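Please read the structure below before turning to the comments.
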Amino acid sequence: MESNFLDPSFFSLYITCVLSKGLVEIFTGDGKGKTSAALGIALRALGQGFKVFIVYFMKGASPLSEIEALSQNPDVTILRSGGKNFVNPKTIAQADKDEARKALNFTRQAMLSKKYDIIILDEINVASAWGLIDLNEVQELIKNKPREIELVLTGRYADDSLIALADLVTHMTKVKHPYDQGISARKGIDY
């Protein structure tokens, strides 16, 4: 007997198989849209009734409009990590490292709890590239990810070892940017 894609039982089995394996996705590069792409995944996941955990590395005090919208949804948990000032890669303070380490530990606990379907680690690539967290710990996090969880990492400077572990990698390339014309970040668009 031939299997028919339009047969409801085949479609149900197909969807179950597809959703039972979470992937590792990386959005990196110098272009705009890394966090926006990750938040798009969160939006779609929420539309399907999935539970989402979002960790912001190095964005402790930055105004983020998406937090206002997402925090109203009971299926979203948000953790912000970082100090009041932007991290300077030339003068990283111990407090910055402590904040990033706490966020990584919470991420590990959340991932192993299996309460979430999607885990987004915003700016984790930068945090590991600048030494706020150990790259080996990020690699281990990926390697120990439960099969059914989708793990999304964002930020410039994604290490080649992380790229090798990922299932999907998108490199955002800046072709043209408003900053180059003196246009600063815009409320509701960029933050």
Output the number of residues of segment 176-189 satisfying the condition of being touching a residue at least 12 places away in the same chain (Cβ under 8 Å) and either under 13 Å from residue 63 (Cβ atoms) or among the basic types (Lys, Arg) (or both).
-> 2
Kindly indicate the residue of segment 21-64 that is polar (S, T, N, Q) and in a loop (DSSP other than H, G, I, E, B) and also farthest from residue 97 (Cα to Cα) among those meeting that condition.
-> 48
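Only one residue in 84, 59, 51 is surrounded by fewer than 17 Cβ atoms within 10 Å (Cβ to Cβ) and of a type in the set (D, E, K, R). Which one?
Of 84, 59, 51, the one residue that is surrounded by fewer than 17 Cβ atoms within 10 Å (Cβ to Cβ) and of a type in the set (D, E, K, R) is 84.
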Leading residue by the ranking (surrounded by the fewest Cβ atoms within 10 Å (Cβ to Cβ)) among those in segment 17-48 that are of a type in the set (Gly, Ala, Ser) and free of Cβ contacts under 8 Å to residues at least 24 places away in the same chain | 47
Of all residues in segment 67-105 being touching a strand residue (DSSP E or B) at 6+ places or on another chain (Cβ under 7 Å) and part of a helix (DSSP H, G or I), the one that is farthest from residue 51 (Cα to Cα) = 103
Being modelled with pLDDT of 85 or more and in contact with a Ser or Thr (Cβ under 9 Å, 6 or more places away or on another chain) narrows 59, 21 down to just 59
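The values are calculated or read from the model by the stated rules, or taken from the named source; none is laboratory data. Just so it is clear, the model here is predicted, and its values are computed rather than measured. Methodologically, a virtual Cβ is constructed for each residue, glycine included, from the backbone with ideal geometry; neighbour enumeration extends over all protein chains shown.
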